[in-house]
Amino acid sequence: MANKAVTFKNYEGQKYEIKLRKPRKEVKAAGICYPPENVGIAKILVNPHQDEDDVQETIIHEISHAFFWGTSEDKITYFAKTLSQILKKLDNT
Ligand SMILES: [Zn+2]
């Protein structure tokens with residue numbers, strides 16, 4: 001599962017590939033989304049070595065960057081956290 005890649009396109013048509021893989025050591029984040037200016041396929045990496053909820057939140061967070069590039073980190077973080085909590089609550093009822 002860790003090597004499985006999923007691709008998608010954002011609204012502008014930029015292609016992305018998302019993978020559950022730990023970002024390089026120097027990147028301390030739980031995930032990383034490379035800028036859409038990259039030629040070809042831009043990459044998103046999500047660290048799989050977190051608990052399930054955090055992995056889901058990180059996936060939402062990084063995909064949000066891909067769709068809303070330029071939106072502040074605070075907004076993306078708040079959105080990802082909120083959506084992740086809503087999905088979790090709906091799932092638990
Ligand atoms: Zn971010």
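The values are calculated or read from the model by the stated rules, or taken from the named source; none is laboratory data. Nothing here was measured: the structure is a model prediction, and the numbers come from that model. Quick reminder, even Gly has a Cβ in these numbers, built from the backbone with ideal geometry, and neighbours come from all protein chains shown.
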(message) Quick check on segment 23-53: of everything there that is modelled with pLDDT under 80 and within 14 Å of the chain's Cα centre (by Cα), which residue is farthest from the ligand (Cβ to nearest atom)?
(response) 36
(request) Residues being more than 11 Å from the ligand (Cβ to nearest atom) and either touching a Lys or Arg at 6+ places or on another chain (Cβ under 8 Å) or in contact (Cβ under 8 Å) with a residue 40 or more places away in the chain (or both): count how many of those fall in segment 58-93. (result) 2
(request) Could you list all residues from segment 40-90 that are surrounded by 14 or more Cβ atoms within 10 Å (Cβ to Cβ) and of a type in the set (Gly, Ala, Ser)? (result) 42, 64, 66, 80, 84
(request) Having 1 or more residues that are touching a Ser or Thr at 6+ places or on another chain (Cβ under 6 Å) and of a type in the set (A, V, I, L, M, F, W, C) is the bar; report the strands (runs of 3 or more DSSP E) wholly within the chain that clear it. (result) 42-46
